Amino acid sequence: MTKLIGYARVSTRPQSTDRQEADLLAAGVRRDDLYIDQGVSGARASRPQFDRALTALEAGDTLVITTLDRLGRSTQNMLDFAQGLRDRSAGLRVLNLGGGDVDTSTPMGSMLFTIMAALAQMEHDIKRERIIDSVSKRRDAGKDLGGRPQRVTDSQIRSAIRLVDSGDPAAQVARDLGMSRATFYRRSRALTD
């Protein structure tokens, strides 16, 4: 008996898979055939629930996902994955692809999947370019890039350098500041350069 295997994923823990789950269940996936990765990036090779979904997939079954980006980021990886499913006599159904439902077991669905996979990667690459450009512009303008604020001030590092110069062990001074010796040396060099 053929069945539908559903897969949902979100990249961060605070995100919710509720919408994906509702769409997959509405498409006919049974709750016990639904696999969910919470807080797992699509770029990671190992996704525990995704791997379990693939193990559960048998010949004639169909893997159902809501959107193409649930599979991953690279067009080549997505196309290889779809071919791997075809080789196993399993199908892939993407619920929200190009405004409709696409099933790769049909020639038209396979073609549309290939085109949409290429467009998804292009969109990802453009977004990445914009982020890199924005960070570069902010850095050039001397603006704050965020990140973790320094807990130990430059003044505290200067005082610690004086302690080390007067004979206190660098390891102990660094420990008293709450940092590693390597970090202490790096921060010291930055102040004396």
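Below is a table of values for the structure above.
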| quantity | calculated |
| --- | --- |
| Dipole in debye (nearest 20) - the chain, about Cα centre, beta carbon charges: Lys, Arg +1; Asp, Glu -1 | 860 debye |
| Packing-based ranking, highest mean first, of 52-65, 76-89 given that Cβ atoms within 10 Å are counted | 52-65, 76-89 |
| The chain: antiparallel DSSP beta bridges as a percent of all, rounded to 5 | 20 percent |
| Extension gain from ARG148 to ARG162, taking 0.36 nm per residue of separation minus the Cα-Cα distance | 2.4 nm |
| Per residue Cα convex hull volume in Å³ - calculated over the chain | 177 Å³ |
| Residues VAL135 and ASN96, FRET efficiency given R0 of 30 Å [Cβ-Cβ distance, rounded to 0.05] | 0.45 |
| Value of [θ]222 nm, deg cm²/dmol, for the chain, DSSP H segments ≥ 4, -39500 (n - 2.57) each, nearest 500 | -16000 deg cm²/dmol |
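Readers should treat all values here as calculations from the given coordinates under stated rules, not as data from a laboratory. Only a predicted model underlies this, so the values are computations on that prediction, with no experimental measurement involved. Counting neighbours? That spans all protein chains shown, and the Cβs are built from the backbone with ideal geometry, glycine included.
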